[in-house]
1. Run down I74, I33 and say which single residue is open to solvent by less than 60 Å² (accessible area, probe 1.4 Å) and in a strand (DSSP E or B).
2. Quick one: in region 1-25, of everything that is closer than 17 Å to E90 by Cα and of a type in the set (S, T, N, Q), which residue is farthest from the chain's Cα centre (by Cα)?
3. State whether the residues of region 95-114 include one that is modelled with pLDDT under 95 and in a loop (DSSP other than H, G, I, E, B).
4. Among the residues of region 1-30, how many are part of a helix (DSSP H, G or I), touching a residue at least 40 places away in the same chain (Cβ under 8 Å) and open to solvent by 10 Å² or more (accessible area, probe 1.4 Å)?
5. Could you grab me the full set of residues in region 36-48 that are in a helix (DSSP H, G or I) and either closer than 26 Å to L93 by Cβ or in contact (Cβ under 8 Å) with a residue 60 or more places away in the chain (or both)?
6. Is it the case that region 85-105 has a residue that's aliphatic (A, V, I, L, M), touching a Lys or Arg at 6+ places or on another chain (Cβ under 8 Å) and under 14 Å from N153 (Cα atoms)?
7. Restricting the search to region 127-155, which residues are under 23 Å from L87 (Cβ atoms), surrounded by 13 or more Cβ atoms within 10 Å (Cβ to Cβ), touching an Asp or Glu at 6+ places or on another chain (Cβ under 9 Å) and in contact (Cβ under 8 Å) with a residue 60 or more places away in the chain?
8. Scan region 49-71 for residues that are assigned to a helix (DSSP H, G or I) and surrounded by fewer than 13 Cβ atoms within 10 Å (Cβ to Cβ) and jot them down.
Amino acid sequence: LKSLCAEVDFRPTVFSDLPFEGQWYLPGGNSYIAQIFHDAGADYIWKDNTSTASIPVDAETVLSKARDADFWRIMNSTNFPYSYERLSIENELYTFFKAYKNKNILVCDIRASGYFEKSEYEPDLLLKDFVFAFHPEMVESDYQPNYFYKMTNEK
């Protein structure tokens with residue numbers, strides 16, 4: 001999959017996460033997840049950042065830089081599934097992002113998927129989830145994501 005994606009003509013843009021206590025903690029440009037985005041044929045908005053760790057960024061900067069990103073990756077650890085409706089209620093700012101408007105939010109329910117327990121041992125499955133989102137023509141049409149799936153608007 002990585003080799004196939006290296007040759008793609010179009011690399012959709014992607015950004016990550018949600019703010020916590022007024023700060024957005026984004027994966028650094030040299031982080032594991034930034035590399036997965038790249039290997040899956042996407043262009044991570046903060047790819048030029050040299051950190052391997054999370055970087056704190058204020059919401060205004062995230063909106064300014066990621067407003068037109070094609071995809072948005074979110075980790076969910078709440079007692080309810082995320083939906084577009086819930087996100088808009090949580091913070092109206094989210095509705096300004098192109099990925100929100102175009103229904104291109106990729107969400108992982110970390111409780112149900114065992115993301116932190118299993119994904120580091122299954123990087124092939126994690127990569128395939130993102131390839132399926134960014135370049136669905138490169139995987140079988142009946143593929144069922146293991147960790148990240150397109151969010152729906154169900155309550």
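1. Values: I33 fails: in a strand (DSSP E or B).
Selected residue: I74, the only one of I74, I33 that is open to solvent by less than 60 Å² (accessible area, probe 1.4 Å) and in a strand (DSSP E or B).
2. Narrowing region 1-25 to residues closer than 17 Å to E90 by Cα: 16-24.
Filter once more, keeping what is of a type in the set (S, T, N, Q): 16, 23.
On the way: S16: 5, Q23: 17 Å.
By that ranking, first place goes to Q23.
3. yes
4. The first filter runs over region 1-30 and keeps only residues part of a helix (DSSP H, G or I), leaving 2-6.
After this cut, where a residue has to be touching a residue at least 40 places away in the same chain (Cβ under 8 Å) as well, the list is 2, 4-5.
If we keep only those that are open to solvent by 10 Å² or more (accessible area, probe 1.4 Å) as well, we get 2, 4.
Number of matching residues: 2.
5. We begin by selecting, within region 36-48, every residue in a helix (DSSP H, G or I); these are 36-39.
Answer for region 36-48, where residues must be in a helix (DSSP H, G or I) and either closer than 26 Å to L93 by Cβ or in contact (Cβ under 8 Å) with a residue 60 or more places away in the chain (or both): I36, F37, D39.
6. The initial filter retains those residues of region 85-105 that are aliphatic (A, V, I, L, M), namely 87, 89, 93, 99, 105.
Of the ones still in play, those that are also touching a Lys or Arg at 6+ places or on another chain (Cβ under 8 Å) are 105.
Still in the running and under 14 Å from N153 (Cα atoms): 105.
Yes: region 85-105 contains one or more residues that are aliphatic (A, V, I, L, M), touching a Lys or Arg at 6+ places or on another chain (Cβ under 8 Å) and under 14 Å from N153 (Cα atoms).
7. Hits for region 127-155 are F130, F134, F148.
8. Taking region 49-71 and keeping what is assigned to a helix (DSSP H, G or I), we get 59-66.
E60, T61, S64 - these are the residues of region 49-71 that are assigned to a helix (DSSP H, G or I) and surrounded by fewer than 13 Cβ atoms within 10 Å (Cβ to Cβ).
The values are calculated or read from the model by the stated rules, or taken from the named source; none is laboratory data. This structure is a prediction, so every number in the text was calculated from the model and none was measured. A quick note on method: Cβ atoms are made from the backbone with ideal geometry, for glycine too, and the neighbour counts reach across all protein chains shown. Remember, those area values only see protein heavy atoms, side chains included, never the ligands or the DNA or RNA. Shrake-Rupley method; radii C 1.70, N 1.55, O 1.52, S 1.80 Å.
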